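The values are calculated or read from the model by the stated rules, or taken from the named source; none is laboratory data. Here the structure is a predicted model, which means the values were calculated and not measured. Using ideal geometry, Cβ is built from the backbone for each residue, glycine included, and neighbour counts are taken over all protein chains shown.
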Amino acid sequence: MEWFPPAQEVDPEGTIASMNTEDSQFVHGAENIVDYGEERCEQDREKRTHNIKPEKIHVGNIVDVAFSVIAVPMKHELHAFLVLRVVTLLDGSHTQNWIKAKICGKMLTKTGVQLKKRSAFDNEDEMNVEEARKKLRQMAVSDKAKMDIAQ
């Protein structure tokens, strides 16, 4: 099998490339190559995929993933493996907006909708609980009461 050198973005420290020796049992072949692309709408409204670096893809992006299912015989049975082939960035606007907001210092401290906690009590019981909480907050221990307890 022919050795395919890994891309610099995939193997920045040269770990995979260092395995390319005469006596090595490891091969970095064509099936190890993953294509990374971004789908863009061109001026003629035609969608085209352009090659990108893998570090452009972030958590939160919407991507299309293509993989192959390979069955390998092992000890009288077949084991299935997934081999990643292509990752296409379809929509990275959420991440881009987040990065722009972070750079501009406009990050929101709280995002999302504040949900009201559902009560385990009915309305009357809930009102009694709230009334008891108010009374507890208003309670104050006097200095005289503190001295009586200490003796």
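Residue by residue through region 42-60, note down the ones that are outside any loop (DSSP other than H, G, I, E, B) and touching a residue at least 24 places away in the same chain (Cβ under 8 Å).
Answer for region 42-60, where residues must be outside any loop (DSSP other than H, G, I, E, B) and touching a residue at least 24 places away in the same chain (Cβ under 8 Å): Thr49, Pro54, Glu55, Lys56.
Checking Ile33 against (1) surrounded by 13 or more Cβ atoms within 10 Å (Cβ to Cβ); (2) of a type outside the set (D, E, K, R); (3) modelled with pLDDT of 90 or more, which test does it fail?
(3)
Out of all the residues in region 1-60, which are closer than 26 Å to Thr95 by Cα and among the small types (Gly, Ala, Ser)?
Ala7, Gly37, Gly60
Out of the residues in region 10-41 that are part of a loop (DSSP other than H, G, I, E, B) and among the aliphatic types (A, V, I, L, M), state the one that is nearest to Arg85 (Cα to Cα).
Val34
How about region 79-103: which of its residues are part of a strand (DSSP E or B) and surrounded by 10 or more Cβ atoms within 10 Å (Cβ to Cβ)?
Scanning region 79-103 gives His79, Phe81, Leu82, Val83, Leu84, Arg85, Val86, Val87, Thr88, Leu89, Leu90, Asp91.
Considering only residues of region 54-90 that are modelled with pLDDT under 90 and among the charged types (D, E, K, R), which is nearest to Asp11 (Cα to Cα)?
Looking at the filtered set, the residue picked out is Glu55.
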